[in-house]
C-alpha cells in the first residue's frame with residue numbers, strides 16, 4: 001500500500017486521544033502526519049515550560065491550554081486532519097459522549113487512577129473500542145525493552161516497568177518512541193482490513 005492509499009483509508013477514521021502531554025501530543029502529531037481524518041483530543045491542563053522537553057508545544061504557548069494549542073499545531077502540519085479539542089477533565093460520565101464515533105482511543109495520562117478509570121469506563125460502556133495505552137517510558141536508553149503487548153482489546157506500549165520519578169524523569173527520546181509506538185499500533189488496528 002503506497003502513502004496515497006494509506007491516506008485514502010485513513011481519511012474517514014476517527015481516533016480519540018485522552019491526554020495531550022508527552023504521549024498524547026506526539027502521538028496526535030504522528031497520526032496527523034499519516035493522514036488520519038479526525039482526532040478528538042482532550043486535556044484540562046495548560047502548558048508549562050517544564051513540558052517543552054518532551055511535548056509537542058512551543059515557548060510562546062506556555063500558559064495556554066494544551067488541547068487548544070495542539071489543535072493549532074496539528075493544523076500547521078496537516079490542515080486536512082479535523083481536530084476536535086476539549087479543554088476538560090475526563091470522567092466516567094463524559095467519556096462516552098466525547099469519544100463517540102472513535103474507532104480507537106489512545107490513553108496518554110500521567111496519573112494511574114485516570115488510566116484505571118479510562119480502562120474501566122471503556123470496558124463497561126464502550127467494550128468494542130480498542131484502547132492503546134502507554135506504560136513505562138521514563139528515563140533514557142534501553143530502547144530494546146520497549147514493546148507492544150496486546151491483551152483482549154487493550155494494547156500496552158512501553159517497557160511496563162520504568163515509572164517516572166525525580167531520578168528517572170520522562171525525556172523526549174523514550175517518550176517519543178512510546179508515543180510513536182502508540183501511533184503505529186493505531187495504524188495497525190485501522191489498516192488491518
Worksheet item: Does a label point 7 Å from the Cα of residue 149, set along Cα-to-beta-carbon, have any residues of segment 168-182 with amide nitrogen under 12 Å, and which are they?
Response: none
Item to complete: Can you put 25, 161 in order of Cβ neighbours within 10 angstrom, beginning with the fewest?
Response: 161, 25
Worksheet item: Where both residues lie in segment 87-193, what percent of DSSP beta bridges are antiparallel, nearest 5?
Response: 45 percent
Worksheet item: Just for segment 11-191, what percent of DSSP beta bridges are antiparallel, to the closest 5?
Response: 25 percent
Response to the item:
Contour minus Cα-Cα span, residue 48 to residue 78, at 0.36 nm per residue, comes to 8.3 nm
Practice prompt. Could you work out the per residue convex hull volume over the alpha carbons of segment 1-84, in cubic angstrom?
Written response: 82 Å³
Item to complete: Using packing as a proxy for protection, rank 177-186, 126-135, 84-93 so that the peptide with the highest average count of other Cβ atoms within 10 Å comes first.
Response: 177-186, 126-135, 84-93
Discussion item. Can you tell me, using C-alpha contacts under 8 Å and at least 6 residues apart, the relative contact order of segment 11-191 as a whole percent?
Written reply: 24 percent
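Mind ranking 40-49, 108-117, 65-74, 150-159 by how tightly packed they are, going by the mean number of other C-beta atoms within 10 angstrom, highest first? Before the final figure, lay out the partial values.
On the way: 40-49: 19.3, 108-117: 15.4, 65-74: 21.9, 150-159: 17.5.
The most tightly packed comes first, giving 65-74, 40-49, 150-159, 108-117.
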Discussion item. Tell me the mean residue ellipticity at 222 nm calculated for the chain from its helices only (DSSP H runs of n ≥ 4, each -39500 (n - 2.57), averaged over every residue, nearest 500).
Written reply: -11500 deg cm²/dmol
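Ranked highest first by the average count of other Cβ atoms within 10 Å around their residues, in what order do 16-22, 139-145 fall?
Order by mean packing, descending: 16-22, 139-145.
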Worksheet item: In nm, what is the difference between 0.36 nm times the number of residues separating residue 87 and residue 161 and their Cα-Cα distance?
Response: 23.6 nm
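Values quoted throughout were computed directly from the atomic coordinates according to the rules given, and no laboratory measurement underlies them. Being a predicted model, the structure only gives us computed values, none of them experimental. We place every Cβ from the backbone using ideal geometry, glycine too, and count neighbours over all the protein chains shown.
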